[in-house]
1. I'd like to know if region 175-182 contains one or more residues that are outside any helix (DSSP H, G or I), at pLDDT below 95 and assigned by TED's automatic domain parsing to the domain that holds Val214.
2. Considering region 42-58 alone, what residues qualify as being hydrophobic (A, V, I, L, M, F, W, C) and open to solvent by less than 30 Å² (accessible area, probe 1.4 Å)?
3. Quick check: anything in region 180-196 open to solvent by less than 50 Å² (accessible area, probe 1.4 Å), farther than 22 Å from Asn138 by Cα and either without any contact (Cβ under 8 Å) to a residue 24 or more places away in the chain or within 16 Å of the ligand (Cβ to nearest atom) (or both)?
4. Can you pull out the residues in region 141-167 that are within 16 Å of the ligand (Cβ to nearest atom) and crowded, with 20+ Cβ neighbours inside 10 Å?
5. Where residues in region 203-212 are open to solvent by 30 Å² or more (accessible area, probe 1.4 Å) and not acidic (Asp, Glu), which of them is nearest to the ligand (Cβ to nearest atom)?
6. Can you find even one residue in region 59-68 that is more than 24 Å from Ile189 (Cα to Cα), surrounded by 14 or more Cβ atoms within 10 Å (Cβ to Cβ) and of a type in the set (Ser, Thr, Tyr)?
7. Of the conditions (1) hydroxyl-bearing (Ser, Thr, Tyr); (2) closer than 30 Å to Gly222 by Cβ; (3) open to solvent by 60 Å² or more (accessible area, probe 1.4 Å), Tyr170 clears all except one; give me its number.
8. Is there any pair linking a residue in region 103-130 that is closer than 19 Å to Met144 by Cα to one that is part of a helix (DSSP H, G or I) and open to solvent by 30 Å² or more (accessible area, probe 1.4 Å), with Cβ under 6 Å and at least six apart or on different chains, and which?
Amino acid sequence: MGNRSLRRIIDKLRQAYGSPSPSRITDPFEMVLYESVAYLVADEHRDRAFENLRSTIGLSPDEILAASRDQWQSVAELAGSNKRGQIAKMIKSAEIVRDEFDGDLSQILTWPFKKAIAALRKFPAVGEPSAEKILLFNKAAAIMPFESNGLRVVVRIGFAPELSNYSAMYRAAQRAVMDDIPADHDWLITAYHLLRKHGQTICKRATPQCELCVVRPDCDFGRLS
Ligand code: SF4
């Protein structure tokens with residue numbers, strides 16, 4: 001890996017994009033709902049779907065479980081292509097909080113890391129990266145999660161090999177940056193947002209715009225393209 005530094009890369013991305021706004025949604029159950037409220041949609045669409053859920057039904061497990069068919073009909077209109085599946089996930093998630101967490105998911109924020117991750121992974125829309133993100137955004141764990149855009153960026157830069165096994169690639173990338181990141185929640189949250197933004201705007205999946213990229217000198221893929 002040579003002297004490749006995630007800190008330097010995040011500094012450059014911060015200069016390019018500015019500091020990201022603070023995360024708007026951090027309550028663990030609300031973050032679960034945010035993941036579940038729509039399927040494969042753009043961020044702006046997901047935001048609208050979430051705000052519609054908030055105003056139409058509410059965001060507590062009790063409100064989700066008390067919602068009527070008409071209320072769900074309104075939420076379904078913004079749920080993307082898997083409407084029934086997304087609604088089922090939200091209802092199941094509310095049942096899990098009611099039945100397994102005494103109605104309060106935020107208690108997991110004081111639990112040991114592995115136990116908290118295992119608890120979050122009970123929810124149908126929450127994989128390991130989302131579980132880690134929930135703990136980081138609540139400053140309950142100093143860890144570097146990546147969503148798919150951010151992971152693509154760090155893999156192309158050369159922190160980890162591109163692997164067909166997503167989970168193995170994710171772990172390899174986390175291991176590679178582990179010694180080069182501060183145990184600082186705010187820095188980690190900023191890095192998460194900036195890597196995601198870079199993957200969405202410049203380091204796109206099909207057409208990376210390396211000629212416009214501020215981290216090209218640090219990037220294996222960019223130097224060869
Ligand atoms: S140089 Fe290209 S591949 Fe590397 S991070 Fe930038 S856009 Fe992505």
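1. So in region 175-182, the residues outside any helix (DSSP H, G or I) come out as 181-182.
So of that shortlist, the ones also at pLDDT below 95 come out as 181-182.
The next check asks that each one be assigned by TED's automatic domain parsing to the domain that holds Val214; those that pass are 181-182.
Yes.
2. The answer is Ala49, Phe50, Leu53, Ile57.
3. No - not one qualifying residue is present in region 180-196.
4. Within region 141-167, Phe146, Gly150, Leu151, Arg152, Val153, Val154, Val155, Arg156, Ile157, Phe159, Ala160 meet the criteria.
5. In this case the residue turns out to be Pro208.
6. yes
7. Every listed condition holds for Tyr170 apart from (3).
8. Going by the 6 Å Cβ cut-off, the qualifying pairs are Ser130/Glu35.
The values are calculated or read from the model by the stated rules, or taken from the named source; none is laboratory data. Owing to the predicted nature of the structure, the values given are computational and were not obtained by experimental measurement. FYI the Cβ positions are ideal-geometry reconstructions off the backbone, even for glycines, and counts take in every protein chain you see. For the accessible areas, the whole protein counts, side chains as well, though only heavy atoms, and no ligand, DNA or RNA atoms are used. Shrake-Rupley method; radii C 1.70, N 1.55, O 1.52, S 1.80 Å.
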